[in-house]
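The values are calculated or read from the model by the stated rules, or taken from the named source; none is laboratory data. Bear in mind the structure is a predicted one, so any value in this text is a computation, not a measurement. Every residue, glycine among them, receives a Cβ derived from its backbone with ideal geometry; neighbour counts consider all protein chains shown.
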Amino acid sequence: MNFRAIGAVIGFLFMFCGIAMSTSLPFSLYYRSGDGGALGITALGSFLVGLFLYRLFREHRHNMKIREGVFVVGVGWLILSSVGAIPFLLVGVIDNFTDAFFEMISAFTTTSATTLDSIEALPHGLLFFRSIAHWIGGMGMIVLSLAILPMLGVGGMQMFHAEVPGPTHDKLSPRIKQTAALLWTVYAAVSGVLTVLLMFGGMNLFDALSHTFGTMGTGGCSTRDAGLAYYDSEYINILVTVFMIIAGMNIAVQYRILRGEVSLLWTGSELRFYFGLIITVSLVVIGYRSITGAVLNGTMISDSVFHVVSVGTTTAFANSDFSAWGSMMVFVFFLLMFTGACAGSTSGAMKSIRILVLFKAAFAEIIRLVHPRAIVPVRVNKRALPTEVIGRIFAFFIIYLTSFVLASFVMMLLGLSMYDAFGTVAAMLGNIGLGFQGDTISSEYGHIPMFGKWVLAFCMVLGRLEFFTLLLILSPTFWKN
Amino acid sequence: MLFVGCVILIPTIISYLLGEEVYPALLVSSGIAILAGFLTGKLLYEPDIELRLRDGFFIVSLGWIMMGVIGAIPFWLSGEIPRLVDAWFESISGFTTTGSTILEDIEVMPKGLLLWRSMIQWIGGMGIIVLSIALLPLLGVGGMQLFKAEVPGPTIDKVKPRVRDTAITLWKVYVLFTVAVGVLYFIGGMNWFESVCHAFTTMATGGFSTRNASIGGFNSSYITVVTTIFMFLAGMNFVLHYRWLRGDYRPLLVSTEFRWYIGITVAAIIFVTISTFNTTFDSIWTALEHAAFQVVAILTTTGYSSFDYQLWAPAVQFLLLVFMFFGGMAGSTAGGIKIVRVLLLVKNTYYEIKRILHPKAVIPLTLNKQNVTQGVVNEIMAFVFIFVTIFIGGTVILAATGIDFMSSLGATASAMGNIGPGLGSVGPAETYAHLHPVAKMTLTICMIMGRLELFTIMIILSRGFWRV
């Protein structure tokens, strides 16, 4: 393990965190929300610490290998969240480190779970920082899922190895840097478009930016307690639905579509599955709701699609409460929490591609049973997948399930009912945020005991880092040379 | 068929002897079964035909469904279960050794039918032993080819004689244990009728009881303990039983699956005892007794109950829910995913981390010092995936019929794993009587799929199967 190289990157992260935090200063000053001092001091402190570390280890920054990369990814999330928690404590809106940390880790993992009763009570500066943290988390996820995970082969992601645009260097850092720069441009461009469109819908800059961050990071954070329902605007709902779908697409594919390969929209296996899933589930939801008594009209349809997309892309804006739609709908949304959108997007959970491969591989297994000597390939994008990749994807499914079971068990030991524990843990592992709480669906977790919050925070990072990355760091083999 | 027809005659005679009015119904069913069996046998019998893989899958699946139909006839004809759906549910729940019931009051049922009900499970258990020890390893379903070498009996390549010899050997063990537990029940104060019924359903890990309160209805620690021990034995691989009965203890000692089976059981018992002591039970011994009973009853997928576990903490209930998926050892009468698959998956996940760190190293998975290929591991994972998928599908359908979230979940898990009681409105103190007919049909399909290790059913559904 080359700790000097790690030090350089971590220094960079500190600096980055400071810069990100300072973007909320103008809003703090403009709205005179009184949190400018806390934000400014933390931002400056973070920047200076980062600068110091970076200067110290600068010449080692290119010595990153896979092991160091994995370590930085794991620790990076913790550092960002710890630093981010400081202004909340300084201002005093949150009175203990656990809650502040939970708030920030949920932002950086694009989960958007909160411990606060009312986010509207937050001063504007902090509110903005909370939102932009979702967006930054999304940026981190893009690098992770397109540069690091394919290299590690986590959960079969090596199949994306070739698809990632950018030069193919053997060393980690130049490759990541160029890939990231390319894709972040796409990310920022799409975000910019959404912000402008939201402002057309009547939002002010502050709200438009915050909601853009929540949408593009598939976080689902809002500046209002009622979420998007506050604006009561069909235009905004549909606009956000469309952009959530875009945010759920592989960003490398977005890049290629923007460069003119529009046919990817209907030729890619994963995209087809992703769109198919959204359409099917939306139809089921609309059908079930109209059978059980809801009036079939435009609002009901757009509302249903909004919710399916919102949970399916792991964004989960808190709008209306789908628990009132009947136990079947609750179960359907519960399942959606596990599917997630496309690999290489900012969304969490299992990802469409894996689910597609799981189904195809399971079917191939059945055929193989009838014809033991037949060779039954599992194809994705017209290429047959090697057995090892399929094995990795199955293993990913198993570890997802196991983590869900174990974490639910711990939450039940802490006193949650089985139903609440299921909903909460599924929401954390998939980075959704919106979980079951008794009779309602909510993203407010203030009532969870302190230890429980740490468990949930762990789940968020576990899910965000696609399980194996975090487990890798925690395994003794990782530390052996 | 012939066999089932003859078997129905037994409860018929007993029913007649007891002077009950249901014996004509049983007699007629028996007649139908014998006739049908005789006819199919006569019409289709060609002595030299060799069974192929596909035919094996087909016969097993069809056999179970036919048995279900025939088993339902007595219930329906006698008028004790007036609705066909209910009679079918009860019969399938029996043959798959599930033990879910739609009967609100078991104790008023005629004895002939009760005996038939228990017998169904016992016959189902016999079928499963053949299926899981002789057929599945040969067919290689869900990684079960791992057990190919373990199957006792002569190793002939042809399927038919081999299956027959294996079956007869292991049925002897099965009968022996059934007699043993029956005698122990009788000593413990059950009357002969209840002893026989419970002996049947214990060894089949079925769970039908003649009492509304199940084993708890006897209020006897002796019976609880005896049942716990024999359920545990029934959840073990019968090949292991066969070996140690013949004085060969080595397989028992080296079997990783057996170690895991004991380990999981003991750990769970300790956890449940601790969590129920002082909250539900005042005495640690009562807590231990019920904890052990419930853990073993669910893990072996028997589904008897000595106490309503819905009164216990959510974490305990969840543990039992997870156990519904685990099931006993491969080659037992238990349902579920089976311990061996679970243990291979856990091992594989652990190795996966190593593989990521050392992409070029070959890190093979082993079981009992035998290498397990990636292909087999994938098959097992595919098995679990299909299991979970069907479970999800079942739950969606159940929820669509208006049952609440947790009850749907519990009922489907219970049906897939062939346990019996579920959660919520289908918990151990409730029955399945109130469910919508669609829900009942869905559950019976889940039971058959779970029982036949999924693939058998899936194969018939797959297009490739019908292509010659």
Does region B:281-302 contain any residue that is more than 12 Å from chain A (Cβ to nearest Cβ), surrounded by fewer than 24 Cβ atoms within 10 Å (Cβ to Cβ), of a type in the set (S, T, N, Q) and not in a loop (DSSP other than H, G, I, E, B)?
yes
For the condition farther than 20 Å from A:S310 by Cβ, out of contact with any Phe, Trp or Tyr (no Cβ under 6 Å at 6 or more places or on another chain) and more than 7 Å from chain B (Cβ to nearest Cβ), what is the one hit in A:F359, A:F422, A:F394?
A:F359
When region A:378-408 is examined, which residues are found to be surrounded by fewer than 21 Cβ atoms within 10 Å (Cβ to Cβ) and in contact with a Gly (Cβ under 7 Å, 6 or more places away or on another chain)?
A:N381, A:T387, A:V389
Every residue in region B:379-403 that is in contact (Cβ under 8 Å) with a residue 40 or more places away in the chain, over 15 Å from B:V426 (Cα atoms) and at the interface with chain A (Cβ under 9 Å from one of its Cβ atoms), please.
B:E379, B:I380, B:A382, B:F383, B:V384, B:I386, B:I397
Residue check for A:S323: assigned to a helix (DSSP H, G or I) and buried (at least 24 other Cβ atoms within 10 Å of the Cβ):
no
For B:K354, all conditions in the list (1) assigned to a helix (DSSP H, G or I); (2) crowded, with 24+ Cβ neighbours inside 10 Å hold save one; what is the number of the exception?
(2)
Pick from B:V60, B:V69: which is farther than 20 Å from B:P421 by Cα and free of Cβ contacts under 8 Å to residues at least 24 places away in the same chain?
B:V69
Going by the conditions given, is B:T155 of a type in the set (S, T, N, Q) and modelled with pLDDT of 80 or more?
no
Can you tell me which of (1) modelled with pLDDT under 65; (2) in contact with a Ser or Thr (Cβ under 9 Å, 6 or more places away or on another chain) is the one B:P161 doesn't meet?
(2)
Residues (surrounded by fewer than 23 Cβ atoms within 10 Å (Cβ to Cβ) and of a type in the set (D, E)) located in region B:57-93:
B:E80, B:D86
Could you please find all residues in region B:411-438 being surrounded by 24 or more Cβ atoms within 10 Å (Cβ to Cβ) and either within 18 Å of A:Y419 (Cβ to Cβ) or among the aliphatic types (A, V, I, L, M) (or both)?
B:A411, B:T412, B:A413, B:S414, B:A415, B:M416, B:I419, B:G422, B:L423, B:V426, B:L435
So how many residues does region A:257-284 have that are in a helix (DSSP H, G or I) and closer than 24 Å to A:L385 by Cα?
13
One residue from A:S443, A:S408, A:S475, A:S417 being touching a helix residue (DSSP H, G or I) at 6+ places or on another chain (Cβ under 8 Å), within 13 Å of chain B (Cβ to nearest Cβ), over 26 Å from B:V272 (Cα atoms) and small (G, A, S)
A:S475
Among the residues of region B:404-423, how many are assigned to a helix (DSSP H, G or I) and touching a residue at least 24 places away in the same chain (Cβ under 8 Å)?
8
Is one or more of the residues making up region B:320-334 out of contact with any Phe, Trp or Tyr (no Cβ under 7 Å at 6 or more places or on another chain), over 30 Å from B:T227 (Cα atoms) and facing another protein chain (nearest Cβ under 9 Å)?
no
Going by the structure shown, is A:F243 within 15 Å of A:C342 (Cα to Cα), over 18 Å from the mean Cα position of the chain (by Cα) and surrounded by 14 or more Cβ atoms within 10 Å (Cβ to Cβ)?
no
Go through region A:338-360 and give me each residue that's in contact (Cβ under 8 Å) with a residue 24 or more places away in the chain, surrounded by fewer than 23 Cβ atoms within 10 Å (Cβ to Cβ) and more than 13 Å from the chain's Cα centre (by Cα).
A:I355, A:L356
Condition first: within 23 Å of the chain's Cα centre (by Cα) and either among the charged types (D, E, K, R) or surrounded by fewer than 16 Cβ atoms within 10 Å (Cβ to Cβ) (or both). Now tell me which residues in region A:1-22 satisfy that.
A:I19
Can you spot a residue in region B:403-410 that is within 19 Å of A:A395 (Cα to Cα), of a type in the set (D, E, K, R) and either buried (at least 24 other Cβ atoms within 10 Å of the Cβ) or at pLDDT below 90 (or both)?
no
For residues that are small (G, A, S) and surrounded by fewer than 24 Cβ atoms within 10 Å (Cβ to Cβ), tally how many sit in region B:369-402.
4
B:G216 - would you say it is farther than 19 Å from B:K338 by Cα, crowded, with 20+ Cβ neighbours inside 10 Å and of a type in the set (G, A, S)?
yes
Among the residues of region A:196-232, write down those that are within 11 Å of A:W135 (Cβ to Cβ), hydroxyl-bearing (S, T, Y) and assigned to a helix (DSSP H, G or I).
A:S210, A:T212, A:T215
In region A:367-377, anything at the interface with chain B (Cβ under 10 Å from one of its Cβ atoms) and either of a type in the set (D, E) or surrounded by fewer than 23 Cβ atoms within 10 Å (Cβ to Cβ) (or both) is listed as A:I367, A:R368, A:V370, A:H371, A:P372, A:A374, A:V376
When only residues in region B:264-280 that are assigned to a helix (DSSP H, G or I), within 14 Å of another protein chain (Cβ to nearest Cβ) and among the polar types (S, T, N, Q) count, which is farthest from B:A213 (Cα to Cα)?
B:S275
